[in-house]
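Here the structure comes first, spelled out in C-alpha cells, and everything after it is commentary.
Since every read-out is calculated from the coordinates, none of them should be taken as a lab result. The shown structure was predicted, so the numbers you read here are calculated from the model rather than taken from an experiment. When we count neighbours, we look across all protein chains shown, and the Cβ atoms used for this are built from the backbone with ideal geometry, even at glycine.
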Amino acid sequence: MALGSSHLDLPAPRRAGTAVPAASRRRIELGSVLRPYVYLLPAVVTLGIFAFWPLAATVYNSFFQWNMVSPRKPVGWENFDRILTDPSFISLLQQSALYVVLALISAFLLPVGLALLTMQVGRTAGAFYQSVLFVPAVISSTVGAIIWQFLYLQRGGPLNAALSAIGLEPQAWLNDPNLALPSLGLVSAWKFLGFNYIIALAGVAGLPREQIEAARIDGAHGWHMLRDVILPLMAPTLLFIGLTAILQALPNVFVPIQLLTVGGPSGSSSNLLYAVYEDAFKFFQIGRSSARSVILVLILGGFAIWQFRLLEKRASYE
C-alpha cells in the first residue's frame, strides 16, 4: 500500500451474529476453565512444598529405621507397634490430653467469657482491659518463659514470697511432678490468651443487635439470652477459637517445656509433641519420631473433626 493512500488494509469488523470459529471458541472455554486454577497455583505450590510434601515424607519415614546417617532400613509397622505398646505412651497421651484441657479452659472458655464481660463495662474501661490482656501476646515466647522462670523461683520467687506472706509453704513449681505440668499450662495460658480474647471480642461486637433486641423484647434475659441467642450467633467465632485452642495446645507449650523443665521432672511435663522432638533431635530416631508424628496428627485431626461437626451444626454464616 502506498503512503498517503486513503484506504487502510484493516480486517473488517465482525458483524453482529457472526459465528465464532470453533477453534477460538474452544480456546475461550479452555481459558475460562483453567483461569481459577492459575490463580490457585501459588497457594497450591506453597502448600505442596511446606505442608503436603513434609507430611508425605513423614508418613514414608515412619516405616523405616533411620538416624539420618546410615541408610534407611525398612521395618514395616514396627515403629508404631513399639510406640503403642510402650508404657510411657499412655503417660504421654494423658499429659497431652491434660494440656489440651488446660488450653480449652484458658484459650477458649476464658477468652469468650472475658469478651462477654468486657462488652458490659463501657468503652473506656473496655479499651483498658483489651490492652492489658493483649500485652502478653506481643511478648516473645522465650522472654515470657524467662519471666515465669523468675516468678517460679523456689527461693526468692514472687509467687512463693506471696505464699509465705499468707502462711503457706513455698512450692517447687517446676520441680514437683504434680505441679510442673499445670505450671507450664499457666505460662501458655498467660502468653496466648490475649489473641483468642481479641477474636472473641470481635465476634461479640459483630453480633446483630436487631436479633438481640428482639429476643430481649420477647423476654430473654440472663442465662437464657446467653445460651439461646448469643452463643448460637457466635457459633462461627466459637468454632474458630475452639479449633485453634485444640490444635495449638501442644505447640504453644513447647517453648516453656524446652526452657523451663525439658520435659521433667521424670517426664511429668512432657507430651506427644515434645516426645517427637526428642526422638528426632536428641536420639536421632527419625523413623520412631515420624511414627509418633503420624499418631499425633491422627489424634488431633480426630479432635478437630469432632469439634467442627459439633459446632458447625449450629453455625450460621449469614
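Numbers for the structure displayed
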quantity	calculated
Order of Met225, Met234, Met68 under a 10 Å beta carbon neighbour criterion, fewest first	Met68, Met225, Met234
Equivalent ellipsoid semi-axes - Cα gyration tensor, the chain, angstrom	50, 35, 20
Gaussian network model of the chain, springs between alpha carbon atoms under 10 Å - residue of Thr58, Thr237, Thr85 with greatest fluctuation	Thr85
Highest-fluctuation residue, Leu273, Leu207, Leu238 considered, GNM on the chain with Cα pairs under 10 Å	Leu207
Chain lengthening between Met68 and Arg27 when straightened (0.36 nm per residue, less Cα-Cα)	9.8 nm
Ser293, Ser266 arranged by Cβ crowding within 10 Å, fewest neighbours leading	Ser266, Ser293
Order of Ile230, Ile147, Ile286 under a 10 Å beta carbon neighbour criterion, fewest first	Ile147, Ile230, Ile286
Cα shape, the stretch 143-186, gyration tensor, a/c 1.5 rule	oblate
Contour minus Cα-Cα distance for Val143 and Arg216 (0.36 nm per residue)	21.6 nm
Whole-number percent relative contact order across the chain, with pairs defined as alpha carbons under 8 Å at least 6 apart	26
Helix 123-134 vs. the chain, principal-axis angle (Cα, 0 to 90°, nearest 10)	80
Given charges at beta-carbon only (K, R positive; D, E negative), |dipole| of the stretch 74-312 in Debye	320
Sorted peptide list for 187-198, 98-109, criterion being average Cβ within 10 angstrom, highest first	187-198, 98-109
Chymotrypsin sites (Phe, Trp or Tyr not before Pro) lying in DSSP loop within the stretch 252-294, provided at most 15 other Cβ fall within 10 Å	Phe283, Phe284
P(r) weight above 20 Å for the stretch 185-243, C-alpha pairs, percent	37
Computed [θ] at 222 nm, deg cm²/dmol, the chain (DSSP H ≥ 4; -39,500 (n - 2.57); rounded to nearest 500)	-19500 deg cm²/dmol
